[in-house]
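Following: one structure in structure tokens, then a few remarks.
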Amino acid sequence: MGLDNYINYAMKSLLKNPILKVLQEIKITKILKQSNFKKRNVGYPPFQIILHFLYMLIMQKRQSAFIKQSNSAFGKDAYYRFIKESRYNWRKLLLLSATALLQKIKPLHKIGEHRLLIIDDTVEPKRGKFIEGSCKYIWSNKEHRTINALNIVSLNYADSHSTFQLDFSIKMNESRRKDRSEFATVLHHRSNAYKRKNETTKGKNILAIEMLERALNCGIDADYLLVDSWYAKPNFIKEANDLGMPIIARLPNNKLIWNFKGKHKTLNSIYDNFKNIRHKHSGKHGKISYKYFDTIVEHQLLGKVKLVFLHTGKDLLVFISTDLALSAKSVLATYKKRWNIEQGYKDLRNLFGLGKEENRIYESLIAKITLSMFAYNIVSYINRIKHEPQTIGDLFRDLECELESLAISMQLFIKILTKISEIENVVKDNKDLLQIIAVLSAYTQKELGFMCES
């Protein structure tokens, strides 16, 4: 065994990069090839650039700061060209990597633990007038008014311990600042970016069904699909059922949308008909006490479905389940887990740069949002396989410190050895010292992907 092999063996047991380890476990190079991330005649390997973006997100460094502080960073144009590339299939990268991560945690699932798919949308404020995909009048539940923003429809996976981002689409309405024909980049009609751009004017329910179909075709296993009242329409529920996915949803109390068979057709009339049992069960959520009951009714399009009526004393909430065997208590407990997607959005904004893309071009926005979700999934996976799971925020800060400490420590260590090598007598007496420095530098670069100044 040569000197370089001895050093590599010793370093491998000490210098551990948690991010690179996960990427190797899911065979990221194979996923990149399947997603058309191929190195052309010129430029840098896509894997290396993606790794740098992950470091930027996890260590919360702006691109300019990363380039300035890292000896191994590429020029800024290399990163800009990469995220604008129209041939890359960012959707496939996110979905295939998430599927691989979910396969890794599959043995950790406990019997009786529900695996859930959740569809929802979020609004990301964008003030710029020339940001492609943004609209002037999008309702924000947070601000209770219309704002200039991107409307992102997303599909998430959640269980009792973890949340993963699977897919997303940007939805544009009639108030869009730029029409698709006015987007800056001229795209080939067969490119992945062109196909992605064309979906912006589809309805949210159509986008949601397409995302669900892609996830199921990719091998994602789940027990139920959770949606809020916006998506809870008969046609949407039927299409999801036809794909083999039972739905639990909150229904809008709208007699034009929800009309059932029999004497009592509307939600209010069904509720009024059950005066004797509507206080059958009680529960408490925080400080809110409520009464609830369930009944099976028939719908013209969906057939028999279970309705759960919950009254807080002030509001009447109605939930639907296409799984008739599920108890009312289980329906409510399962639907509460829809909150996981809201926490996921919060973590993406606060920790992974969602909404801070600083790009006007549509292709670049898609790339940066995907990278934020990709980084989120890796951190979520690391958290899941640890023996003592933390909140995503706590683990994020641990990884941030760990990566930066590794990079800075190795850089300083190599500098110290280099200074020692400059002493003439030392070099004469230790002919292998220069070789040791070279091997250490190469191995550190390989394992971390970058070097960082203190």
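Miscellaneous remarks
- For segment 201-343, alpha-carbon Rg over 2.2 N^0.38 Å: 1.06
- Residues with amide H under 5 Å from that of Thr146, placed H, sequence gap 5 or more: Ser140
- Near Ala73, the amide H atoms lying under 5 Å from its own belong to Met451; only residues 5 or more places off or on other chains count, and H is placed 1.01 Å from N.
- Accessible solvent surface per residue of segment 157-244, calculated while the other protein chains remain in place, 1.4 angstrom probe, Å²: 44
- Per residue, the solvent-accessible area of segment 85-124 (1.4 Å probe, heavy atoms of protein chains only, all protein chains present) comes to 40 Å².
- Within segment 92-124, trypsin sites (Lys or Arg not before Pro) in DSSP loop having at most 14 other beta-carbon neighbours inside 10 Å: Lys110
- Selection of GluC sites (Glu not before Pro), segment 332-379, meeting DSSP coil and at most 16 other Cβ within 10 Å: Glu358
- Calculated FRET efficiency for the pair Asn268/Lys304, C-beta based, R₀ 30 Å, to 0.05: 0.90
- When the solvent-accessible area of segment 282-378 is split by element, carbon and sulfur atoms take up 49 percent of it, the probe being 1.4 Å.
- Residue-by-residue Karplus 3J(HN,Hα) for segment 185-192, coefficients 6.51, -1.76, 1.60, Hz, glycine and proline x: 8, 8, 10, 5, 5, 9, 6, 5
- Accessible solvent surface per residue of segment 249-292, calculated while the other protein chains remain in place, 1.4 angstrom probe, Å²: 73
- Mean separation of Cα contacts under 8 Å, 6 or more apart, over the residue count of segment 99-159: relative contact order %: 40
- Ordering of 47-57, 197-207, 261-271 by packing is 47-57, 197-207, 261-271, highest average first (other Cβ atoms within 10 Å, averaged per residue).
The values are calculated or read from the model by the stated rules, or taken from the named source; none is laboratory data. Keep in mind the model is a prediction, meaning the values are calculated, not measured. A quick note on method: Cβ atoms are made from the backbone with ideal geometry, for glycine too, and the neighbour counts reach across all protein chains shown. To get the accessible areas, we keep the full protein, side chains included, count just its heavy atoms, and leave off ligands, DNA and RNA. Shrake-Rupley method; radii C 1.70, N 1.55, O 1.52, S 1.80 Å.
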